[in-house]
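The block underneath contains the structure these notes are about, expressed in structure tokens.
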Amino acid sequence: RVFFSFCVQQNREVFSRLLGLLTSLLHQHQSNFVLLSVYPLDNLFLERGATRAGLGDLVGAEADFSDAIRLSPRLAPAYLNRAGVRRVLRNLDGAAADVDVALRARGWLAETRIEHARILLARNDPAAAITSLDVLLADQPQHAMALALGCIARGRLGQAEARPTCDRAVQAAPEGFDMAHLARAGLALLTDDAAAALPDIAEALRRQPN
């Protein structure tokens, strides 16, 4: 619910069926009091928004998350998900406002810090991204995504710690996680070292061939 993946080509049929089910539930909702008690309307919008995001319908997802927020203004997962969608849609001011709400409500969640750092990197503020990621890494020092984003941020700043951070991300990366290798490849390309980047690109493709 809190996080969605844009890499769902292999699950597109499942996501499409889920979208149809959730849409049907929303249409029935107003006149079905039993359904109301089992599936609160705000959660239905939240779930459908995540499903739409997974299918690549970011505009529809943003609308569903906004409806969830309209119904439940304190629903932190809806703000966090809408922040992610708005970041991808390049509405960075809107994304930043949403993630700030999520941070105040659930700043201890890893997903919240990760999205915060992504938005800061999108706004070209790597120093602030590192500061936010350090909060997460103090609690979870082997968090692969936090380390990978930290690698990217430190690389942009030209910090010597960038390569060790990349290496830590690669060591912590679970199977199927390609971001650590992509971050280290990107760091090599910053110094025009294509030969060093190629093995990490190949490994990233092996981990996520789609």
Those residues that are among the basic types (Lys, Arg), assigned to a helix (DSSP H, G or I) and closer than 13 Å to Val101 by Cα, I need them from segment 65-82; list them, please. Arg82
Which pairs do you get when a residue that is open to solvent by less than 20 Å² (accessible area, probe 1.4 Å), found in segment 67-87, comes within reach of a residue that is polar (S, T, N, Q) and in a helix (DSSP H, G or I), reach meaning Cβ atoms under 7 angstrom, with the pair 6+ apart or on two chains? Leu80/Thr112
Of all residues being in a loop (DSSP other than H, G, I, E, B), over 22 Å from Arg123 (Cβ atoms) and among the charged types (D, E, K, R) in segment 139-183, which is most open to solvent (accessible area, probe 1.4 Å)? Just the residue, please. Glu175
Pairs under 7 Å by beta carbon, first residue without any contact (Cβ under 8 Å) to a residue 12 or more places away in the chain in segment 186-210, partner part of a helix (DSSP H, G or I) and open to solvent by less than 90 Å² (accessible area, probe 1.4 Å), six or more apart or different chains? Leu189/Ala197; Ala196/Ala188
Scan segment 120-135 residue by residue and report those that are of a type in the set (Ser, Thr, Tyr) and buried (at least 21 other Cβ atoms within 10 Å of the Cβ). Ser132
Would you check if Val101 is farther than 19 Å from Asp167 by Cα, in a helix (DSSP H, G or I) and in contact with a Gly (Cβ under 8 Å, 6 or more places away or on another chain)? no
Out of all the residues in segment 187-208, which are open to solvent by less than 100 Å² (accessible area, probe 1.4 Å), out of contact with any Leu (no Cβ under 8 Å at 6 or more places or on another chain) and either closer than 22 Å to Gly176 by Cα or of a type in the set (A, V, I, L, M, F, W, C) (or both)? Leu187, Ala188, Leu189, Ala194, Ala195, Ala196, Pro199, Ala202, Glu203, Arg207, Gln208
Exactly one of Leu187, Leu198, Leu157, Leu182 is modelled with pLDDT of 95 or more, among the aliphatic types (A, V, I, L, M) and within 17 Å of the chain's Cα centre (by Cα), and that residue is Leu182
Looking at segment 49-64 only, could you name the residues that are assigned to a helix (DSSP H, G or I), surrounded by fewer than 24 Cβ atoms within 10 Å (Cβ to Cβ) and among the small types (Gly, Ala, Ser)? Gly54, Gly60, Ala63
Does Ala127 meet the test of being modelled with pLDDT of 95 or more, in a helix (DSSP H, G or I), more than 16 Å from the chain's Cα centre (by Cα) and aliphatic (A, V, I, L, M)? yes
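The values are calculated or read from the model by the stated rules, or taken from the named source; none is laboratory data. Fair warning: this is a prediction, and the values are worked out from it, not measured in the lab. Neighbour counts run over all protein chains shown; Cβ positions are idealised from the backbone, glycine included. The accessibility values were calculated without ligands, DNA or RNA, using every heavy atom of the protein model including side chains. Shrake-Rupley method; radii C 1.70, N 1.55, O 1.52, S 1.80 Å.
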